[in-house]
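To keep things clear, I will list the structure first and then write my remarks on it.
The values are calculated or read from the model by the stated rules, or taken from the named source; none is laboratory data. This is a predicted model, so every value here is computed, not measured. Here Cβ is always computed from backbone atoms with ideal geometry, including for glycine, and neighbour counts include all displayed protein chains. Just so you know, the surface numbers come from the protein's heavy atoms only, side chains and all, with ligands and any DNA or RNA stripped out. Shrake-Rupley method; radii C 1.70, N 1.55, O 1.52, S 1.80 Å.
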Amino acid sequence: MNQKNSTYIQLIKAVPKSLQLFLNVCLVLLALILAFLLFKELIEFLKILLFSKEGGDYKLFLANILIFFLYFEFITMIIKYFKEDYHFPLRYFIYIGITAMIRLIIVEHDHPLNTLIYSVIILILIISYFIINITPLERPTRSSLFMKKEH
């Protein structure tokens with residue numbers, strides 16, 4: 001019975017470690033793909049700046065800049081994930097959301113109602129970011145009334 005219990009405990013410990021390893025490998029692969037796409041966007045910048053006639057399409061250029069920042073923010077978020085002990089900081093998701101909404105406004109600004117909705121979403125994300133910044137990072141410890149009594 002003790003041998004069976006020991007094997008069960010080892011299995012319980014091995015499964016999360018295996019899944020964490022799989023997740024880490026996938027995130028590293030994703031970071032490499034994003035780095036490649038970031039480099040590809042740099043090449044697109046050069047093409048627009050050097051080879052387009054009459055300065056190029058500024059909307060296309062702005063959209064590419066924001067795509068560049070989206071790739072950059074995702075790579076930064078993956079780096080932070082590893083630096084902060086396998087935890088994605090919420091503020092990076094907010095950065096990405098704000099950048100994505102700004103890109104939508106620049107690229108698809110034909111419908112005023114949609115632009116207004118995107119602007120309200122940006123405002124909500126900025127308010128969320130403000131709330132996150134004024135909230136303490138550490139959670140308060142629970143009082144002894146809520147702690148389980150040890151026997």
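For region 10-83, averaging the sequence separation of C-alpha pairs within contact (under 8 Å, six or more residues apart) and dividing by the residue count gives a relative contact order of 37 percent.
A 1.4 Å probe run over the protein chains yields, for the chain, 81 Å² of accessible area per residue, whole-number rounding. Surface composition of the chain: carbon and sulfur make up 70 percent of the accessible area, probe 1.4 Å. Each Lys and Arg adds +1 at its Cβ and each Asp and Glu adds -1 at its Cβ; summed about the Cα centre, the chain shows a dipole of about 820 debye. I'd like the distance separating the alpha-carbon centroids of region 98-129 and region 61-86, in whole Å. Here the answer is 19 Å between Cα centres. The residue list GLN10, LEU62, ILE122 was ranked by how far each Cα lies along the charge dipole of the chain toward its positive end, using unit charges on Cβ atoms, and GLN10 comes out on top. Screening the chain for DSSP H helices whose Cα atoms reach 27 Å or more along their own axis and whose mean Kyte hydropathy is at least 1.6 gives 112-134. Number of Lys-Lys pairs in the chain with C-alpha atoms under 22 Å apart and a separation of 8 or more places or on different chains: 7. Only helices enter this figure: runs of n ≥ 4 DSSP H residues, each worth -39500 (n - 2.57), summed and divided by the residues of the chain, yield -28000 deg cm²/dmol at 222 nm to the nearest 500. Candidate values (1) 79, 37, 24; (2) 47, 30, 23; (3) 59, 36, 24 were compared with Cα extents along the principal axes in Å computed on the shown model; the agreeing label is (1). Positive end of the dipole of the chain (Cβ unit charges, origin at the Cα centre): among MET77, ASN133, VAL25, the Cα lying farthest that way belongs to VAL25. Note: relative contact order over the chain, using C-alpha pairs below 8 Å and six or more positions apart, is 17 percent.
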